[in-house]
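For reference, the structure is listed below as structure tokens.
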Amino acid sequence: MQRVEIMKIYDVTLRDGSHAVDHKITSDQICKYCKHVDLTGVDYVEVGHGIGIGASSLLIGRGALTDIEMLRIARRHLHRAKLSIHIVPGYGTIDDIAEALEAGVDSVRVASHCTEADITKKHIKYLSNRNVEVFGGLMMIHLATDEQLLDQCKRMKDYGVKCITLLDSAGNFTPARVTKLVKFLRENAKIEIGFHAHDNLGLSIGNSLAAIAGGATMLDASINGFGAGAGNASLENLAAAMELECASNELKLPSVLDLATIGQQLFASDSVKNTNDIISGLAGVVSVFAKPVTAAARQYQVDPKEIYFELGRLKAIAGQEDLIIEVAQRISRNTKHKK
Amino acid sequence: MKMSKLNVGVIGSGNIGSDLLVKITRSQHLECKIFCGRNLESPGMQFAQQKEVNVSDRSIDALIEQTDLDIIFDATSAETHFENLSKLESTGALIIDMTPAKTGFLCVPDINLEEAVKERNVNMITCGGQASVPIALAICKGLQDLPKYIETISTIASLSAGTGTRDSLDEYIKTTQLALKKFSGVKNTKALINLNPATPPINMSTTVMVETEETHLTQVTIEVQKCVDRLQRYIPGIHIKVHPVYDDRRSAVVTTIGVTGMGDYLPSYAGNLDIINCAGIMVAESYAKSRNNEDI
């Protein structure tokens, strides 16, 4: 008989959602959100800058609050759910992790681009040596083969993580591919796998269910899908879909639905899904580029679609926001030249 | 008078060490006496053996037994540099530290070469530091007022980043930030780094963002161009990819520099090896020249 896993739910509203409001999440939003999310049965609540702690910058965007300020506020209002952070080496350092632990963080997800797991070694070991719960994250998974991902998962497992989340940062995956990949990694790396969806192609819930079918044990979601670009798997839709699928979890659907209403009031943002999100997903461009691409398209008067396709061709990764300016300038020059 | 070559030892047989070896071999002032690593089978060690360089897999122990060294290049990792520091110092040779350990005098040849050759332990900061510090200074020079904040982001090809680099990302960030602060006098600085695995591999690129209200960039553009012209004297592949622009969204001057490598050890995408190694070689050769002048 197949073992029934209790699905862990990892809420990224107060981290990925940061991108949707140019990193201007307020203390009031954190306070109210944490109070209510703590009643829903969500297992982890991730808080901090959109690219993780230490990433507040001109390049990506400055947080209205520091990571530590955000974490302290969240800490006061989370009692059941664990307080978690995202960190990408190259942006955040072990010093940043130490400060976050002091602010009361329970668990840490150390993430890298999908083929660069070895840059997480020191940070993961630092945490596992201190018996802090530590997860791995592999971002932009559409840019790696299944075999490459297996190799990267084995490395992270070696460093000491208990679960690795696959981040479909560009919203480029389709359900059958998700199931196949998760199953392959579960069987061959022998480690727990989580999945983080983006909704560029309207597949975030479908892909999350497909991850469960492949044997995933943890799913990322955010209230109303509040997140970078097209947004993430919406927590309320996921909770409902999991109920129909009888996927074992500890979410209390009525509380989740209450939170969905509260979320709409709390995070009313200007991010409406548009065709550029679909283009971005098709081109395989990281969701966090949505706002800077829009800004560059406006400044250099070029079609954002052209920027997305060029960034996709160049296999740009999160953190290469500077490349958007270079690409927009080049397209602008070429367009003028043609005229 | 014909100049005699100074004896050089290299510790660390990764990408940085192997690329340095090619540049040392080409130098008229330097001669590699020993190339040390831990594993004779590693690609760098194999490369050195093909070049008929004296190699050892006994790392620091072999290096300190070589008693005739004038200069030691440390191309290990920040962590290994800390472990080896007292042994390195005991040799009496000039230490040129290619790791971001920052135990020595921070050097950007364009800025402080003459002072550096008088030191005994010179730190070459980071690849991103060698690119961003002079550019940031040039931008500051072109502005009326000292800005409050400088940021730099470098993206390098995954293939160009060996274990030492990957293990030293925290030190990379801290050392680059410190160097930006020290040389510019601007209090708040930030450094970020990306490793991009795209195929074909991408060329190294470094962006500098300087937060300012000043939007008139004529003088900034002139200073950045002058700076890149100077840097080209010792880093032939450095060039401007995005000329200074004022980014309204960020309230900052933004400019992007690219470095095409000479293809000495890795292909030309690995400009990150070239930029720091050309700077290191510049220090070593200038030291050799100053020593020779004293001899005369």
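The values are calculated or read from the model by the stated rules, or taken from the named source; none is laboratory data. Not measured: the values here are computed from a predicted model. Positions of Cβ are generated from backbone atoms using ideal geometry, with glycine treated the same way; all protein chains shown enter the neighbour counts.
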Tell me which residues, restricted to segment A:313-339, are within 16 Å of A:M140 (Cα to Cα) and surrounded by fewer than 19 Cβ atoms within 10 Å (Cβ to Cβ).
-> A:R313, A:L314, A:K315
Taking the stated definitions as given, is A:A197 farther than 19 Å from A:L235 by Cβ and without any contact (Cβ under 8 Å) to a residue 60 or more places away in the chain?
-> no
Can you tell me which residue within segment B:224-243, out of those that are crowded, with 16+ Cβ neighbours inside 10 Å and assigned to a loop (DSSP other than H, G, I, E, B), is nearest to the other protein chains (Cβ to nearest Cβ)?
-> B:G237
A:Q264: in contact (Cβ under 8 Å) with a residue 24 or more places away in the chain, on the phi < 0 side of the Ramachandran plot and surrounded by fewer than 17 Cβ atoms within 10 Å (Cβ to Cβ), yes or no?
-> yes
Go through (1) in contact (Cβ under 8 Å) with a residue 24 or more places away in the chain; (2) within 14 Å of chain B (Cβ to nearest Cβ); (3) aliphatic (A, V, I, L, M); (4) outside any loop (DSSP other than H, G, I, E, B) one by one and return the number of the condition A:L323 breaks.
-> (1)
Options A:V21, A:V47; residue that is under 18 Å from the mean Cα position of the chain (by Cα), assigned by TED's automatic domain parsing to the domain that holds A:G104 and either at pLDDT 95 or above or crowded, with 24+ Cβ neighbours inside 10 Å (or both) | A:V47
Those residues of segment B:120-160 which are buried (at least 24 other Cβ atoms within 10 Å of the Cβ) and among the acidic types (D, E) amount to B:E151
Is it fair to say A:D22 is more than 28 Å from A:I193 (Cβ to Cβ), out of contact with any Lys or Arg (no Cβ under 6 Å at 6 or more places or on another chain), of a type outside the set (S, T, N, Q) and free of Cβ contacts under 8 Å to residues at least 12 places away in the same chain?
-> no
Mind checking which residues of segment A:126-154 are surrounded by 20 or more Cβ atoms within 10 Å (Cβ to Cβ), in a helix (DSSP H, G or I) and in contact with a Lys or Arg (Cβ under 8 Å, 6 or more places away or on another chain)?
-> A:L143
Just to be sure, is B:S268 small (G, A, S), part of a loop (DSSP other than H, G, I, E, B) and under 25 Å from B:P100 (Cβ atoms)?
-> yes
Filter result for B:S59 (at pLDDT 95 or above and either over 21 Å from B:N272 (Cβ atoms) or of a type in the set (S, T, N, Q) (or both)) = yes
Filter result for the condition that a residue is free of Cβ contacts under 8 Å to residues at least 60 places away in the same chain and closer than 30 Å to A:I331 by Cβ, over B:E223, B:E213 = B:E213
B:K174 versus (1) free of Cβ contacts under 8 Å to residues at least 60 places away in the same chain; (2) more than 29 Å from A:L143 (Cα to Cα); (3) within 9 Å of chain A (Cβ to nearest Cβ): which is the lone unmet condition?
-> (1)
Index of the failed condition, A:S107 passing every other in (1) more than 14 Å from chain B (Cβ to nearest Cβ); (2) within 19 Å of the chain's Cα centre (by Cα); (3) of a type in the set (S, T, N, Q); (4) crowded, with 24+ Cβ neighbours inside 10 Å = (4)
Only one residue in A:Y91, A:Y126 is within 14 Å of chain B (Cβ to nearest Cβ), of a type outside the set (G, A, S) and under 16 Å from A:A55 (Cα atoms). Which one?
-> A:Y91
Return yes or no: is A:V293 assigned to a loop (DSSP other than H, G, I, E, B) and surrounded by 15 or more Cβ atoms within 10 Å (Cβ to Cβ)?
-> no
What are the pairs, 6+ residues apart or on separate chains, where a residue within segment B:246-259 that is within 7 Å of chain A (Cβ to nearest Cβ) has its Cβ under 7 Å from a residue that is part of a strand (DSSP E or B) and at pLDDT below 95?
-> B:V254/B:D247
Every residue from segment A:296-320 that is within 13 Å of another protein chain (Cβ to nearest Cβ) and outside any helix (DSSP H, G or I) = A:Y300, A:L314, A:K315, A:A316, A:I317, A:A318, A:G319, A:Q320
Please find, among B:T189, B:T221, the residue that is assigned to a strand (DSSP E or B) and either under 15 Å from the mean Cα position of the chain (by Cα) or of a type outside the set (K, R) (or both).
-> B:T189
For residues that are touching a Gly at 6+ places or on another chain (Cβ under 6 Å) and surrounded by 21 or more Cβ atoms within 10 Å (Cβ to Cβ), tally how many sit in segment A:233-257.
-> 2
Out of curiosity, is A:S287 buried (at least 24 other Cβ atoms within 10 Å of the Cβ) and not assigned by TED's automatic domain parsing to the domain that holds A:E192?
-> yes
